[in-house]
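Student: Please see the structure below; I have some questions.
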Amino acid sequence: ISANLAAQTLEHIPSDFRGDPNLRRNSNLDGNNIRATVFNSGYSGQPDGRPDYVAFEWPKNTNRVYISILAIWLGGEVKDANGDIINIIDMPIWRTDQAGNTWNMEPVSGFSNPLSPEIARSDDESSWPTSAQGGWRDKRSDPLDPGWAGSWNGFFGKNIFNADQELFYITSDDQYDKFNYFPDTTDMSRAGLGLLMDVRTLAWTQVLINDVVFLIHDIKNDGTKIIDKAVFLI
């Protein structure tokens, strides 16, 4: 999908959402007839051949694999600090600088319980951010229930468990500092394209869709600069 990602309005204040590789988590999606491992930086499947990771298996627990890996790439054409046109491609895995520092998209804090090994998932309350953390980071401005602590932050609304299983995380590209480009004039330490991506994975047992997994990627230009040309591929 190609698009133009406009900068936010003058009233927009970029968020302080930043990626942290220490928050990498994975969960096995198995809410219907499909089983797969989901990772909270934008990919799912079995990237390393490890036995505890599951490629897209159908029917689940049969070892019949149909897809090895699903990963999203995000690209943009921008002008760097020297005025040169460059192309930046964000990836969710496999890329580091020469010192071993991440150049991948990384999960943002405040959207899971850091003491849990799981991504925030609707069927495991212990994976949700706690009241001690301030609850869900994107709901802290709610005047009636700041943070929604103890409630599910669902695609269909607060505590609405429409899907039999739903996973949710947010990831950021701010660690990708290969280029002389700064997407956010309010934070010159921020690299990448200034993108944030909300990701939800949903599964239903309803007979018409119990062989389907839904992956929803909501991509936001959180920086202060226009990305004239953008492309997304999964």
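The values are calculated or read from the model by the stated rules, or taken from the named source; none is laboratory data. Just so it is clear, the structure is predicted and the values come from calculations on it, not from any experiment. Every residue, glycine as well, gets a Cβ built from its backbone with ideal geometry; the counts of neighbours run over all protein chains shown. When the accessible area is computed, the model is the full protein with side chains, heavy atoms only, and any ligands, DNA or RNA have been set aside. Shrake-Rupley method; radii C 1.70, N 1.55, O 1.52, S 1.80 Å.
Student: Across region 121-136, which residue is nearest to residue 200 (Cα to Cα) among those that are in a loop (DSSP other than H, G, I, E, B) and touching a residue at least 24 places away in the same chain (Cβ under 8 Å)? Working first, answer last.
Tutor: At the first step, the residues of region 121-136 found to be in a loop (DSSP other than H, G, I, E, B) are 122-123, 128-130, 134-136.
Remaining after also requiring touching a residue at least 24 places away in the same chain (Cβ under 8 Å): 122-123, 128, 134, 136.
Details: 122: 11, 123: 14, 128: 14, 134: 21, 136: 15 Å.
Per the criteria, the residue is 122.
Student: Taking region 104-154 as the search range and keeping residues that are open to solvent by less than 40 Å² (accessible area, probe 1.4 Å) and of a type in the set (Ser, Thr, Tyr), which one is farthest from residue 177 (Cα to Cα)?
Tutor: Restricting to residues being open to solvent by less than 40 Å² (accessible area, probe 1.4 Å) and of a type in the set (Ser, Thr, Tyr), the top hit is 151.
Student: A further question follows. Looking at 45, 31, 76, can you tell me which residue is open to solvent by less than 60 Å² (accessible area, probe 1.4 Å) and more than 24 Å from residue 203 (Cα to Cα)? Explain how you work it out, then say what you get.
Tutor: Details: 45 fails: more than 24 Å from residue 203 (Cα to Cα); 31 fails: more than 24 Å from residue 203 (Cα to Cα).
Testing whether each residue is open to solvent by less than 60 Å² (accessible area, probe 1.4 Å) and more than 24 Å from residue 203 (Cα to Cα) leaves just 76.
Student: Have a look at 208, 193 and point out the one that is surrounded by fewer than 15 Cβ atoms within 10 Å (Cβ to Cβ) and of a type outside the set (D, E, K, R).
Tutor: Details: 193 fails: surrounded by fewer than 15 Cβ atoms within 10 Å (Cβ to Cβ).
Every option except 208 fails the conditions.
Student: Have a look at 185, 224 and point out the one that is open to solvent by 80 Å² or more (accessible area, probe 1.4 Å), touching a residue at least 12 places away in the same chain (Cβ under 8 Å), more than 23 Å from residue 56 (Cα to Cα) and hydroxyl-bearing (Ser, Thr, Tyr).
Tutor: Working: 224 fails: open to solvent by 80 Å² or more (accessible area, probe 1.4 Å).
When all the criteria are applied, what remains is 185.
Student: Kindly provide the set of residues from region 188-209 that are closer than 21 Å to residue 86 by Cα, free of Cβ contacts under 8 Å to residues at least 40 places away in the same chain and of a type in the set (A, V, I, L, M, F, W, C), ordered by number.
Tutor: 188, 191
Student: So, one more: Go through region 66-116 and give me each residue that's part of a strand (DSSP E or B), in contact (Cβ under 8 Å) with a residue 12 or more places away in the chain and β-branched (Val, Ile, Thr).
Tutor: Passing the criteria: 67, 69, 78, 86, 88, 89, 102, 108.
Student: In region 43-59, what residues are closer than 15 Å to residue 27 by Cα, in a loop (DSSP other than H, G, I, E, B) and touching a residue at least 24 places away in the same chain (Cβ under 8 Å)?
Tutor: Within region 43-59, 47, 53, 54 qualify.
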